[in-house]
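**Q** Structure below; questions to follow.
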Amino acid sequence: MSTATASTADVGAGSTSSRATKVLGWLVLAGFAVLVALAFAWVPEDTRITEQGDVVGQFDAVRLMFVHVPSAILAYTGFGLTFLASLAYLRWRTDWWDIMAHSSAEIGVLFGVLTLVTGSIWGRPTWQTWWEWGDVRLVTTLVMVLVFIGYLAVRRIPADGAVQARRSAVIALVGAVNIVIVNRSVDWWENRTLHQQSTLIARKIRDETLFTLSFSFAVGMALFAWLLLHRFRTAYLERQIDELEVQEALKERWAEADPADGEKGRP
Amino acid sequence: MPPATGAAVLRDAWLIAGKDLRIEMRSRVGLNQIVPFAVTVLVLFAFALDTDQEALRTYAPGLFWVTVLLAALLAIGRSFAVDLADGAADRLLLSGIDPIAVFGGKALAIAGQLVVLEVLLAAGVVLMFDVTVYRYGLLVCAGVAAAAGVAAAGTLYGALVAGLGARETLLPVLLLPVVAPVLIGATRAFQDAFGAAGAEGWAWLGLLAGFAAIYGVFGALSYGALLEEA
Amino acid sequence: MEHAVRLRAAVTLLGRFPALAGVDLDISPGEIVLLKGPNGAGKTTMLRLCAGLCPLASGQGWVLGHDLHVQRRMVRRRVALLGHRSGLYDDLTVAENMAFWARAAGGESADVEEVLGRLSLTGRLADTRVGRLSAGQRRRASIASLVVRRPELWLLDEPHAGLDQQSRDTVDSLVRGAAAAGATVVLATHELERIQVLDPRVVSVVGGMVRADRDGGRAAARSGSMSGPPDAEGDAAGDGGRCAS
């Protein structure tokens with residue numbers, strides 16, 4: 001954790017942590033330890049006995065749900081935040097919203113990949129396949145992650161700050177519209193889904209599992225907030241470095257314009 | 001300052017489209033490079049599927065549209081490279097032409113080129129993959145609608161990456177996930193046109209038309225924000 | 001409109017490089033202004049800023065009465081910029097390029113013939129693709145395609161570069177004609193012998209700032225600019241920096 005060695009809580013002095021984020025960070029770690037304990041020791045295997053007397057269910061694979069489901073929700077949260085921040089950027093044109101869009105997109109991609117990987121691992125024992133093209137949510141999530149990987153690729157290309165911010169915002173908006181179109185078209189493409197539609201609503205789920213799942217949401221949200229705070233502050237400090245570099249370059253430029261006068265700054 | 005009227009926007013869009021198409025007819029980059037590229041891709045598909053005539057017939061619609069999308073990347077990149085080659089892009093900004101007209105004109109020219117490419121490739125698929133066309137009306141409508149959708153989305157993303165470094169590699173990364181619905185819809189429509197059972201081609205045509213409409217409107221609206229910069 | 005161009009502490013960044021580091025400059029309508037200065041001084045960026053192609057990072061600027069912070073699109077359609085690149089399409093003929101840019105500007109193409117004649121681009125040359133022209137012919141065609149727009153502010157970056165003596169004279173007479181008709185002309189050049197012909201106000205640009213401002217014998221009204229001895233050195237290449245586009 002990058003905060004461990006930071007000796008000051010002052011963000012402006014070059015650290016991305018504060019007392020609050022340190023507390024939050026430790027809470028996330030503790031919460032994750034508790035989550036592991038709950039998921040492996042407390043929650044029973046997922047089994048049901050059918051009317052024919054067969055034992056069915058997800059067995060141990062159900063424990064992956066405590067990573068997979070929060071990841072999926074956090075990925076969509078990240079992309080949703082990117083969408084809103086991009087809209088806000090185009091409206092108000094401030095660095096704050098631009099950094100917000102960038103930071104949440106990175107975290108969204110992180111959780112998006114985690115969702116796909118854990119989903120794939122879970123699908124192998126449960127659906128007997130690593131990947132299922134007929135599943136709408138799976139394919140939509142994959143396309144969404146690809147769209148935002150492209151978004152991050154654009155952000156990585158050096159360009160004038162305002163130009164890049166504006167282009168990125170448009171890409172995020174188009175990407176969000178695109179998710180809806182992809183979702184609809186994939187749905188029509190294979191009009192079926194393997195995902196359980198209503199695990200929670202139908203109350204087929206055990207109380208222990210439900211509690212642990214809720215707990216995993218809470219831990220996930222805290223982790224998301226912690227990551228976002230640090231990523232945002234890192235980007236903010238990077239902007240400040242840029243600003244200082246511009247000021248330095250301006251002084252050099254003034255010295256160039258008037259060698260005798262340059263040290264004093266602008267006439 | 002005369003406000004941009006609808007008629008002026010149409011006139012300017014037509015001017016831009018005419019300019020782009022005339023340049024393409026002159027330079028023959030499309031005919032000499034993009035079409036041979038597309039035909040080569042079809043040949044590679046045949047090699048990959050190992051002379052299995054039945055498989056080729058079955059997958060012809062999908063292979064056709066993947067080929068069109070790959071060729072479209074080249075056509076879109078070319079459309080913007082022409083403007084960037086010797087500073088004409090700056091002059092377009094300075095001309096005072098409404099951004100909506102620039103978007104419409106470029107998209108129209110790209111769509112026109114894609115339709116020509118589709119006609120040639122369709123002939124190639126019929127000859128090389130041994131498919132039979134049962135519904136010509138559906139084939140034509142789906143071809144035009146898909147070309148319009150790809151051109152609209154492609155023009156938007158072409159402008160997004162124009163002037164950025166590494167735009168040749170950036171365009172595929174950004175555009176291909178976005179046009180995935182076109183691939184799905186156009187493939188199903190062509191399956192129907194080629195006589196596959198239960199493909200419901202006309203319903204998929206609706207998706208293609210909707211895609212073209214959404215990206216047409218979105219592109220026209222956001223093009224101004226993109227051009228305002230620099 | 002009191003000023004054709006008015007810049008106050010104008011800063012323009014190319015990436016993180018301040019190509020313009022605080023420019024103060026006033027240009028009156030109808031003036032001919034010659035920017036001179038060493039390579040990388042910021043002349044090209046100053047022209048692009050005035051054309052509405054580069055954004056202002058800080059400071060203020062107005063061109064033809066439009067605020068450069070918020071009305072760059074209004075500026076763009078009223079100015080003409082001759083950059084280092086031709087702005088023409090290689091695969092179209094000279095005449096087709098002229099017709100396209102004239103129609104794009106919304107103007108009638110009636111005086112295209114006359115402009116082409118003055119720049120010796122008539123006859124067979126007019127029907128030649130731009131890609132097959134020599135460098136000098138290409139430059140002339142580029143200038144001609146600007147003239148048909150009848151701009152109110154001319155921004156010319158090295159307009160004489162690569163031209164023969166006859167064409168240089170033609171450029172000079174075009175510039176003087178435009179100024180006589182009320183247009184403002186700002187040109188960046190290292191060809192200081194043109195000063196005699198054009199009789200411009202000479203503005204020396206160094207380090208992204210206006211270092212010295214001198215009337216070339218003209219009594220043009222101006223305010224807020226420094227005065228001092230003219231810089232001796234000009235530079236051939238000009239600065240190639242440009243804002244992303």
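**Q** With respect to B:ALA159, determine if the residue is open to solvent by 20 Å² or more (accessible area, probe 1.4 Å), within 14 Å of chain C (Cβ to nearest Cβ) and under 25 Å from C:ALA80 (Cβ atoms). Outline the logic, then answer.
**A** Numbers: open to solvent by 20 Å² or more (accessible area, probe 1.4 Å): no; within 14 Å of chain C (Cβ to nearest Cβ): yes; under 25 Å from C:ALA80 (Cβ atoms): yes.
Against the criterion (open to solvent by 20 Å² or more (accessible area, probe 1.4 Å), within 14 Å of chain C (Cβ to nearest Cβ) and under 25 Å from C:ALA80 (Cβ atoms)), B:ALA159 does not qualify.
**Q** Quick one: which of C:ALA80, C:ALA104 is of a type in the set (Gly, Ala, Ser) and modelled with pLDDT of 90 or more?
**A** Numbers: C:ALA104 fails: modelled with pLDDT of 90 or more.
C:ALA80 is the lone residue from the list that is of a type in the set (Gly, Ala, Ser) and modelled with pLDDT of 90 or more.
**Q** Under the condition of being facing another protein chain (nearest Cβ under 8 Å) and in contact with a Phe, Trp or Tyr (Cβ under 8 Å, 6 or more places away or on another chain), which residue from region A:170-184 is surrounded by the fewest Cβ atoms within 10 Å (Cβ to Cβ)?
**A** Here the answer is A:VAL177.
**Q** Can you name every residue in region A:153-169 that is within 10 Å of another protein chain (Cβ to nearest Cβ), assigned to a helix (DSSP H, G or I) and open to solvent by less than 40 Å² (accessible area, probe 1.4 Å)? Spell out how you get there, then give the answer.
**A** Here is the first cut: in region A:153-169, the ones within 10 Å of another protein chain (Cβ to nearest Cβ) are A:153-154, A:156-169.
The next check asks that each one be assigned to a helix (DSSP H, G or I); those that pass are A:153-154, A:156, A:161-169.
If the condition is that a residue be within 10 Å of another protein chain (Cβ to nearest Cβ), assigned to a helix (DSSP H, G or I) and open to solvent by less than 40 Å² (accessible area, probe 1.4 Å), then A:ALA153, A:VAL154, A:VAL163, A:GLN164, A:ALA165, A:ARG166, A:ARG167, A:SER168, A:ALA169 are the ones that fit.
**Q** Considering region B:171-197 alone, what residues qualify as being of a type in the set (D, E, K, R) and facing chain A (nearest Cβ under 9 Å)? Please lay out each step first, then the result.
**A** Kept after step one, since they are of a type in the set (D, E, K, R), are these residues of region B:171-197: B:188, B:192.
Matches in region B:171-197: B:ARG188 only.
**Q** Please determine, by comparing only the residues of region B:137-156 that are open to solvent by 10 Å² or more (accessible area, probe 1.4 Å) and more than 27 Å from B:THR40 (Cβ to Cβ), which one is farthest from the other protein chains (Cβ to nearest Cβ). Steps first, answer last, please.
**A** First, pick out the residues of region B:137-156 that are open to solvent by 10 Å² or more (accessible area, probe 1.4 Å): B:137, B:139-141, B:144-145, B:148.
This time we only want the ones that are more than 27 Å from B:THR40 (Cβ to Cβ), so: B:137, B:141.
Numbers: B:GLY137: 21, B:CYS141: 17 Å.
Within region B:137-156, the match that is farthest from the other protein chains (Cβ to nearest Cβ) is B:GLY137.
**Q** From the list B:ARG78, B:ARG57, B:ARG26, exactly one residue is out of contact with any Pro (no Cβ under 6 Å at 6 or more places or on another chain), farther than 24 Å from B:ALA162 by Cβ and open to solvent by 20 Å² or more (accessible area, probe 1.4 Å). Which is it?
**A** Details: B:ARG78 fails: farther than 24 Å from B:ALA162 by Cβ; B:ARG26 fails: farther than 24 Å from B:ALA162 by Cβ.
Testing whether each residue is out of contact with any Pro (no Cβ under 6 Å at 6 or more places or on another chain), farther than 24 Å from B:ALA162 by Cβ and open to solvent by 20 Å² or more (accessible area, probe 1.4 Å) leaves just B:ARG57.
**Q** Considering only residues that are away from chain A (no Cβ under 14 Å), open to solvent by less than 20 Å² (accessible area, probe 1.4 Å) and charged (D, E, K, R), which ones fall in region C:192-213?
**A** Here is the first cut: in region C:192-213, the ones away from chain A (no Cβ under 14 Å) are C:192-202.
Those still in the list that are open to solvent by less than 20 Å² (accessible area, probe 1.4 Å) too: C:194, C:198, C:200-202.
The answer is C:ARG194, C:ARG201.
**Q** Inside region A:193-222, can you point out the residues that are modelled with pLDDT of 90 or more and either in contact with a Gly (Cβ under 8 Å, 6 or more places away or on another chain) or among the basic types (Lys, Arg) (or both)?
**A** Result: A:ALA218, A:VAL219, A:ALA222.
**Q** Just to check your reading of the model, which residue among B:GLU200, B:GLU168 is more than 8 Å from chain A (Cβ to nearest Cβ), under 17 Å from the mean Cα position of the chain (by Cα) and open to solvent by 10 Å² or more (accessible area, probe 1.4 Å)?
**A** On the way: B:GLU200 fails: under 17 Å from the mean Cα position of the chain (by Cα).
None of the others qualify; the one that does is B:GLU168.
**Q** Looking at region C:17-28, can you tell me whether even one residue there is away from chain B (no Cβ under 14 Å), under 24 Å from C:ALA179 (Cα atoms) and either acidic (Asp, Glu) or open to solvent by 40 Å² or more (accessible area, probe 1.4 Å) (or both)?
**A** Yes: one or more hits.
**Q** Still on this structure, please answer the following. Name the single residue that is modelled with the highest pLDDT among those in region C:43-58 being within 11 Å of another protein chain (Cβ to nearest Cβ) and outside any loop (DSSP other than H, G, I, E, B).
**A** It comes out as C:ARG48.
**Q** Which count do you get for residues in region C:119-150 that are among the acidic types (Asp, Glu) and surrounded by 20 or more Cβ atoms within 10 Å (Cβ to Cβ)?
**A** Initial filter on region C:119-150 (among the acidic types (Asp, Glu)): C:127.
So of that shortlist, the ones also surrounded by 20 or more Cβ atoms within 10 Å (Cβ to Cβ) come out as none.
So the answer is 0.
**Q** Residues that are under 28 Å from B:ALA122 (Cα atoms), open to solvent by 10 Å² or more (accessible area, probe 1.4 Å), of a type in the set (A, V, I, L, M) and more than 16 Å from the chain's Cα centre (by Cα): does region B:182-193 have at least one?
**A** no
**Q** Checking C:LEU7 against (1) in contact with a strand residue (DSSP E or B) (Cβ under 9 Å, 6 or more places away or on another chain); (2) at the interface with another protein chain (Cβ under 10 Å from one of its Cβ atoms), which single condition isn't satisfied?
**A** (2)
**Q** So, in region B:81-110, exactly how many residues are facing chain C (nearest Cβ under 7 Å) and either outside any helix (DSSP H, G or I) or open to solvent by less than 10 Å² (accessible area, probe 1.4 Å) (or both)?
**A** Keep residues of region B:81-110 that are facing chain C (nearest Cβ under 7 Å), which gives B:82, B:85-91, B:93-97.
Narrowing further to those that are either outside any helix (DSSP H, G or I) or open to solvent by less than 10 Å² (accessible area, probe 1.4 Å) (or both): B:85-88, B:94-97.
Count: 8.
**Q** Further question on the same structure: Working carefully through the options B:LEU226, B:LEU208, find the one that is in a helix (DSSP H, G or I), open to solvent by less than 50 Å² (accessible area, probe 1.4 Å) and under 27 Å from B:ASP83 (Cα atoms).
**A** After applying the criteria, what remains is B:LEU226.
**Q** Within region B:45-64, how many residues turn out to be in a loop (DSSP other than H, G, I, E, B) and either among the polar types (S, T, N, Q) or closer than 13 Å to B:GLN191 by Cα (or both)? Step through it out loud before you land on a result.
**A** Here is the first cut: in region B:45-64, the residues in a loop (DSSP other than H, G, I, E, B) are B:49-52.
Narrowing the set further to residues that are either among the polar types (S, T, N, Q) or closer than 13 Å to B:GLN191 by Cα (or both) leaves B:51.
Result for region B:45-64: 1.
**Q** When region A:143-152 is examined, which residues are found to be of a type outside the set (Phe, Trp, Tyr) and either open to solvent by 20 Å² or more (accessible area, probe 1.4 Å) or more than 8 Å from chain B (Cβ to nearest Cβ) (or both)?
**A** A:MET144, A:VAL145, A:LEU146, A:ILE149, A:LEU152, listed by residue number.
**Q** Quick check on my filter: what residues within region B:68-99 are of a type outside the set (A, V, I, L, M) and more than 23 Å from C:ARG138 (Cα to Cα)? Even if it seems obvious, please write down each step before you answer.
**A** Going through region B:68-99, the residues of a type outside the set (A, V, I, L, M) turn out to be B:77-80, B:83, B:86-87, B:90-91, B:95-96, B:98-99.
Selection gives B:GLY77, B:GLY96, B:ASP98, B:PRO99.
**Q** Whether any residue in region C:95-118 is open to solvent by 10 Å² or more (accessible area, probe 1.4 Å), farther than 22 Å from B:ARG91 by Cβ, in a strand (DSSP E or B) and without any contact (Cβ under 8 Å) to a residue 60 or more places away in the chain is what I want to check.
**A** No.
**Q** Give region A:113-136 a look and list any residue that's touching a residue at least 12 places away in the same chain (Cβ under 8 Å) and under 17 Å from the mean Cα position of the chain (by Cα), or say none.
**A** Residues satisfying the conditions are A:VAL113, A:LEU114, A:THR115, A:LEU116, A:THR118, A:GLY119.
Conditions (1) within 21 Å of B:ASP12 (Cα to Cα); (2) open to solvent by less than 10 Å² (accessible area, probe 1.4 Å); (3) more than 8 Å from chain B (Cβ to nearest Cβ), marked per residue:
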| residue | (1), (2), (3) |
| --- | --- |
| C:TRP62 | no, no, yes |
| C:MET74 | yes, no, no |
| C:LEU82 | no, yes, yes |
| C:TYR89 | yes, yes, no |
| C:LEU92 | yes, yes, no |
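**Q** Do we have any residue at all in region B:157-180 that's of a type in the set (S, T, N, Q) and more than 30 Å from B:THR58 (Cβ to Cβ)? If you could, list the steps in order and put the result at the bottom.
**A** Initial filter on region B:157-180 (of a type in the set (S, T, N, Q)): B:169.
When the remaining residues are screened for being more than 30 Å from B:THR58 (Cβ to Cβ), the result is B:169.
Yes - at least one qualifying residue is present in region B:157-180.
**Q** Scan (1) in a helix (DSSP H, G or I); (2) of a type in the set (Lys, Arg); (3) closer than 26 Å to C:ILE27 by Cβ for the single condition C:ARG138 breaks and write down its number.
**A** (3)
The values are calculated or read from the model by the stated rules, or taken from the named source; none is laboratory data. Owing to the predicted nature of the structure, the values given are computational and were not obtained by experimental measurement. Every residue, glycine among them, receives a Cβ derived from its backbone with ideal geometry; neighbour counts consider all protein chains shown. Protein only, heavy atoms only, side chains kept; ligands, DNA and RNA dropped before computing areas. Shrake-Rupley method; radii C 1.70, N 1.55, O 1.52, S 1.80 Å.
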